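*Asks:* Right, I'll just put the structure down here and ask away after.
Any read-out appearing in this document is the output of simple, stated calculations on the displayed coordinates, not a laboratory observation. Since the structure is predicted, the reported quantities are computational estimates derived from the model, not experimental observations. Here Cβ is always computed from backbone atoms with ideal geometry, including for glycine, and neighbour counts include all displayed protein chains.
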Amino acid sequence: MAAPLALLLLAAVTVRAALFRSSLAAFIAERVEVASPLSAWKRVVEGLALLDLGVSPYSGAVFHETPLIIYLFHFLIEYAELVFMITDALTAVALYLAIQDFNKVVFKKQKLLIELDKYAPDVAELIQTPLEMHYIPLKVALFYLMNPYTVMSCVAKSTCAINNTVTAFFILATIKGSAFLSAVFLALATYQSLYPLTLFAPALLYLLQRQFIPVKPRSKSFWLFTLQYAALYLCSLVVIVCLSFFLLNSWDFIPAVYGFILSVPDLTPNVGLFWYFFAEMFEHFSLFFVCVFQINVFFYTVPLAIKLKEHPMFFMFVQIAVISIFKSYPTVGDVALYMAFLPVWSHLYRFLRNVFVLSCILVVCSVLFPVLWHLWIYAGSANSNFYYAITLAFNVGQILLVSDYFYAFLRREYYLTHGLHLTRPDGTEAVLVLK
Amino acid sequence: MGLLSDPQCRRALARLVLRLNTPLCVLSYMLGLGWFLALAFPPLAPRTYMSENAMGSTMVEEKFPLGERALAYGRHFAGHKRKAGGMPVAWLEQTLWLLGLEAHRQPFARTLPFPDESRERFMVRGTNVYGILRAPRAASTEALVLSAPCSDGHLNNQAVGLLLALAAYFRSQIYWAKDIIFLVTEHDLLGMEAWLEGYHDVNLTDMRSAGPLGRAGAIQAAISLELSSDVVTSFDVAVEGLNGQLPNLDLLNLFTAFCQKNGLLCTIQGKLQRSDWDSLAAYAHSLQTLLLMVLAQASGQPSGDHGLFLRYRIEALTLRGINSFRQYKYDMATVGKTLEGMFRKLNNLLERLHQSYFFYLLPSLSRFVSIGLYMPALGFLLLVLLLRISLWGCPTLTPWCCSDPHGALLTPQVSPQEPRPGLLVLVPPVLICHAAGVALYLLPVLGQRVATQHFPVAEAEAVVLTLIAIYVAGMALPHSTHRVLSGAGSARSWQVLKLLALLELSLLLGSLALLNFSLGFVLALTMVPAAAAVHPGGPKVLLVALLVLATPAVTLLLGILMQRELLEVPAGLAEGWQLFLSALAQGLLQHHLYGSFLCPVLALGLYPAWLLLWNVLFWK
């Protein structure tokens, strides 16, 4: 399986290198869908220039990346294109290894449950076979590397690609069962973009499951492990933040990065839901609505954790999707990360209801973004409402896609335990409806 | 959410769509066509009205007295033009200077990608001359432009004359709050492109122009004047700009308002407005006007020198003086008064023209059809594609109907034993079709040297002939793709291929219609029936004929013939073919010189989509 992966990496790097050399690169880098105020390469360059002048990079109020990123590029600015190609490749490899391991776990668990007779007798067609699962890791890598969103994000040198790499390594460490590395990478991801904080819950659930510790509030080992993991996470976070402080010798980055993420002062249009609302809103309401909007990312974690406590990886997928939809400065690079996981759930295919319609919606929106941007900004004949309508459609499409997968997952679990052919009390065939 | 998650509700809808698909498609197509034809019916289109406050309520009194002087300037200009053998730069500069204007010149040069045969030019050098009248009542933050082209022969001398006379008269007035730029351009659109790029300090094309430019403020509106006779009988107004962009409707309203005030006759698309509306002839007349506008807009070519302003968000019009055999003629003073009135009203503007419509179609000068009214016509046409997508897409790609115990009833044609059509089989045809599109886009211009070396043709001919050759060669592709496949395609793969083609086509047409409604509509009108009907079984000859008729090139040819028919100068097939060839060359040039997107959209988008359909037809 290494050969196809190597071939895929080669193809991905070729595509990116060709695009870097073409005239499209400048155009893509300017697209608001690809580069947010947080991740735009232009701003990183600005921050570097300030740093070289001996001024705090945050003093210009333009740069909003973390100190570690700016020091990374301080040394690697000459090789920036290479760095972004390598980060993409690393993400793909990490996801590949993680999913390979995850599939083994799923298969073992499935075998165990069959042996224990937990499944209904007529669900043979729902069981995942090794043959089906064999190509899933490769498909995941393919979905990540060849996704046009990822390619554009890489060509625009959006630092979102680096956040994705950190998150991918966090997932790999979690699936491999290393609590320490998982906590370190989670801390790094949190440090980078704050929202991965919510991935704490699925990672904890996964690690607990892996160590056969039952999730019960009464059990002592549960609390012990939770405390241990939380302590590891917090310690690494503190270390990283302090390291940043010593690098720049100031706390400027806290308001410039996290304050900027939370209070959403930059209303440049993007694919997210924030900009239009806050551009239209009276200033004195904005604090309240910022809270309402931000709570979306964190709000779903608890109910999802309760519902999907047995399936932490699916929880992780849904949570990453929720982050990328509801975060304050989303880009298509964030969307690409959760889309890479779609092949993992390909066994839900027969339960998905709208995937064709929804993928059409997403493709149509992706094409209409630049068209309506052109009409609004260059032609002057449309206005921001047109563009926002497409943003809204894009996000509704994403939400419906994720909830479609969620329902499909729940339905499959229900069928697995209750049998595929459900009957009503009066003996007729029943249809499962989720409302 | 009910529709998306409730299986009962979905089943009813799915059954309706699957059972009645073909009748629904025919009905939807007819509705779309009927809706469009109804747009020309005068009572359906509302009257135009002035939305802009600053231009609507204020009165201005026009006093322009220098009609004779305009003619004298025109004669001088003609004399100096003949003497200089082109633009009389020094004389114009001196005249503008003597009138008390800041005079500037802008030399520019441009080498065309291939020789332009219809205008006979290849390496172009020219100079634009312009004078700036500084506004006495404001800082130079905003400006208006009056432009006239310096054309070959006897054309447009009077336009330059009137421009100079207006400059002389405007100079003596004190009420100007916006700078006024009087611009004379050489080599029509090329000069205009050079000037606009220089003025805004951008370089979108390979235009080379020298030196820093004198600037006034941000340009709010521009009027381009074409006038070749001492007296006029009417004015024709051209609105369509590059890529079918239109100026704000208020600018057009302003012009019609002043024409009415001064009693000038004005036409659009060369058609005079009829006073009655309730006869069939009146309907046919406004339909003709509407169709001419749709064809002009669909071509994406600027219909006058103003067309390039629109790209810079400057509202602009071209006014064309017509001298026909009518009895009643107007002299320069009346024309000058109309222009003076327009400029004074524009001078009153407080902000950019934005109140009125940007998306409209004009069945006559005083009536307009706005976007909300004309979009449903295209919506119905695209609905045909969506219905077909749901027919092909539902059984092949979404197994929900199969997995639901009841849903299985809906799709009897899909037997469970048959494997899902492999998507890999479709990769070669899709890739080859798009590669053909890329070749169509790149090769004609890149390969012209090779072509001229090996064949006895001129460069311009070589480009057009290569274009046609690649286009036709693309039609042989189904055979080559089958060789690649070597019989791997299953019987149902063509359904997925057709689904892909339909998706691509509907996506392209939809987004095209947002950018340029007319283009999207014309292409949808021809391509939709063929795209909906095509499948490998069935009457082959009929389907081949339908599909060939629907190809963008044939649409272009038909469009040219139809335009000549509507202009009442019908062209025969031979002449139509010549026009078609020159339209191809012009289309390519427009793309390379001004960045019109018609050529790439056709070559990279619609042609591959059409080739996919062609592949479906010949699927084995």
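*Asks:* Can you say what percent of the DSSP beta bridges in the protein assembly as shown, counting only those with both residues inside, are antiparallel? Round to 5.
*Replies:* Counting only bridges with both partners in the protein assembly as shown, antiparallel ones make up about 55 percent.
*Asks:* Determine the sum of side-chain charges near B:Tyr49: Lys and Arg each +1, Asp and Glu each -1, restricted to other residues whose C-beta is under 13 angstrom from that of B:Tyr49.
*Replies:* Around B:Tyr49, the surrounding residues sum to 0.
*Asks:* Between A:Thr331, A:Thr91, A:Thr417, where does the largest GNM mean-square fluctuation fall for chain A, given springs only between Cα atoms within less than 10 Å?
*Replies:* A:Thr417
*Asks:* What is the magnitude of the charge dipole of the protein assembly as shown about its Cα centre, with +1 placed on the Cβ of each Lys and Arg, -1 on the Cβ of each Asp and Glu, and no other charges, expressed in debye to the nearest 20?
*Replies:* With only Lys, Arg, Asp and Glu charged at Cβ, the dipole is about 1620 debye.
*Asks:* Oh, and also: Between A:Ala124 and A:Ser359, how high is the FRET efficiency from 1/(1 + (r/R0)^6) when r is the Cβ-Cβ distance and R₀ = 25 Å? Nearest 0.05.
*Replies:* Efficiency computed from Cβ-Cβ geometry: 0.30.
*Asks:* Another question, then. Dipole of the stretch A:1-347 (Lys/Arg Cβ +1, Asp/Glu Cβ -1, origin at the Cα centre): which of A:Val55, A:Val292, A:Ala80 lies farthest to the positive side?
*Replies:* Checked the options; the winner is A:Val292.
*Asks:* Another question about this same structure. Report, in deg cm²/dmol and to the nearest 500, the calculated mean residue ellipticity at 222 nm for the protein assembly as shown, where each DSSP H run with n ≥ 4 adds -39500 (n - 2.57) and the sum is divided by the residue count.
*Replies:* Result for the protein assembly as shown: -19000 deg cm²/dmol, rounded to the nearest 500.
*Asks:* Enter the mean number of other protein chain beta carbons within 10 Å of the beta carbon of each residue in A:373-380, as an integer.
*Replies:* That works out to 4 on average.
*Asks:* Tell me, how many Å apart are the Cα centres for the stretch B:115-132 and for the stretch B:188-224?
*Replies:* The stretch B:115-132 and the stretch B:188-224 have Cα centres spaced 14 Å from each other.
*Asks:* Can you check how the C-alpha radius of gyration of the stretch B:425-619 compares to 2.2 N^0.38 Å, as a plain ratio?
*Replies:* 1.06
*Asks:* Could you state the principal axis extents of the C-alpha atoms in the protein assembly as shown, from the largest down, to the nearest angstrom?
*Replies:* 105, 77, 61
*Asks:* If a/c stays under 1.5 just call it rounded; otherwise compare a/b with b/c (prolate if a/b is bigger, oblate if not). Do that for the stretch B:224-307, with a ≥ b ≥ c from the square roots of the Cα gyration tensor eigenvalues.
*Replies:* Oblate.
*Asks:* Determine which residues of the stretch B:496-531 fall in the zone a paramagnetic label at B:Leu33 would reach in this model, i.e. backbone nitrogen under 19 Å from the point 7 Å along Cα→Cβ.
*Replies:* Backbone N within reach: B:518-531.
*Asks:* I'd like the orientation of helix B:459-474 relative to chain B: the angle between its Cα long axis and the longest Cα principal axis, in ° from 0 to 90, rounded to 10.
*Replies:* With both axes taken from Cα atoms, the answer is about 20 degrees.
*Asks:* Bin width 10 Å, origin at 0, all Cα-Cα pairs of chain B: what percent of pairs per bin?
*Replies:* Computed distribution, short to long bins: 3, 15, 23, 23, 17, 11, 6, 2, 0.
*Asks:* Ok, one more. Kindly give the semi-axes, whole Å and largest first, of the ellipsoid equivalent to chain A, taking each as the square root of 5 times a Cα gyration tensor eigenvalue.
*Replies:* So the equivalent ellipsoid measures 37, 26, 23 Å along its semi-axes.
*Asks:* Given springs between every Cα pair under 10 Å in a Gaussian network model of chain A, which of A:Leu95, A:Leu138, A:Leu352 has the largest fluctuation?
*Replies:* Ranking A:Leu95, A:Leu138, A:Leu352 by mean-square fluctuation puts A:Leu352 first.
*Asks:* Can you tally the net charge around B:Arg119? Count Lys and Arg as +1, Asp and Glu as -1, for every other residue whose Cβ sits under 12 Å from the Cβ of B:Arg119.
*Replies:* Charge balance in the 12 Å sphere: -4.
*Asks:* Follow-up question, since we're still on this one. Between the alpha-carbon centers of the stretch B:96-112 and the stretch B:233-249, tell me the distance in whole angstrom.
*Replies:* 26 Å
*Asks:* Where the only charges are on Cβ atoms (+1 Lys, Arg; -1 Asp, Glu), what is the dipole of the stretch A:1-347 about its Cα centre, to the nearest 20 debye?
*Replies:* Using Cβ point charges on Lys, Arg, Asp and Glu, the stretch A:1-347 gives about 1020 debye.
*Asks:* Under the definition of partner shielding as Cβ atoms of other protein chains within 10 Å of a residue Cβ, what is the mean value for peptide A:398-407?
*Replies:* Per residue, the number of nearby Cβ atoms from other chains is 1 on average.
*Asks:* What's the angle, to the nearest 10 degrees (0 to 90), between helix B:249-262's Cα axis and the longest principal axis of chain B?
*Replies:* That works out to roughly 40 degrees.
*Asks:* Give the percent of DSSP beta bridges with both residues in the stretch B:214-367 that are antiparallel, rounded to the nearest 5.
*Replies:* Percentage antiparallel, nearest 5: 50.
*Asks:* If R0 is 22 Å, what FRET efficiency do you get for A:Val292 and A:Ile399 from their C-beta distance, rounded to 0.05?
*Replies:* E between A:Val292 and A:Ile399, to the nearest 0.05, is 0.85.
*Asks:* Can you compute the modelled spin-label distance between A:Ala2 and B:Glu565, with each label point 7 Å from Cα toward Cβ, in nm?
*Replies:* Spacing of the two 7 Å Cα→Cβ label points: 6.9 nm.
*Asks:* By per-residue mean of other Cβ atoms within 10 Å, what is the highest-first order of B:530-538, B:605-613?
*Replies:* Descending packing order for the listed peptides: B:605-613, B:530-538.
*Asks:* By count of other Cβ within 10 Å, fewest leading, how are A:Val215, A:Val257, B:Val569 ordered?
*Replies:* B:Val569, A:Val215, A:Val257
*Asks:* Roughly what % antiparallel, to the nearest 5, for the DSSP beta bridges in the stretch B:53-365?
*Replies:* Restricted to the stretch B:53-365, the bridges split so that about 55 percent are antiparallel.
*Asks:* Once you order the gyration tensor axes a ≥ b ≥ c over the Cα atoms, which shape class does the stretch B:53-365 get: rounded for a/c under 1.5, otherwise prolate or oblate by comparing a/b with b/c?
*Replies:* Rounded, because the longest to shortest axis ratio a/c is under 1.5.
*Asks:* Taking every residue in B:508-521, how many Cβ atoms of other protein chains lie within 10 Å of its Cβ, on average?
*Replies:* Other-chain Cβ atoms within 10 Å of each residue's Cβ, averaged: 2.
*Asks:* Determine by what factor the alpha-carbon radius of gyration of the stretch B:22-174 differs from 2.2 N^0.38 Å, reporting the quotient.
*Replies:* So the Cα radius of gyration is 1.58 times the expected 2.2 N^0.38 Å.
*Asks:* Could you give the angle, 0 to 90 degrees to the nearest 10, between helix B:21-39's Cα long axis and the longest principal axis of the Cα atoms of chain B?
*Replies:* Approximately 10 degrees, to the nearest 10.
*Asks:* Under a point-charge model restricted to the Cβ atoms of Lys and Arg (+1) and Asp and Glu (-1), what is the dipole moment magnitude of chain B relative to its Cα centre, in debye to the nearest 20?
*Replies:* For chain B, the charge dipole is close to 660 debye.
*Asks:* If exposed means no more than 14 neighbouring beta carbons inside 10 Å and the site is in a DSSP loop, what's the longest run of chain A without any exposed chymotrypsin sites (Phe, Trp or Tyr not before Pro)?
*Replies:* Maximal segment without exposed cleavage sites: A:283-435.
*Asks:* Expressed as a whole number of Å, what is the distance separating the alpha-carbon centroids of the stretch B:28-52 and the stretch A:377-394?
*Replies:* 25 Å
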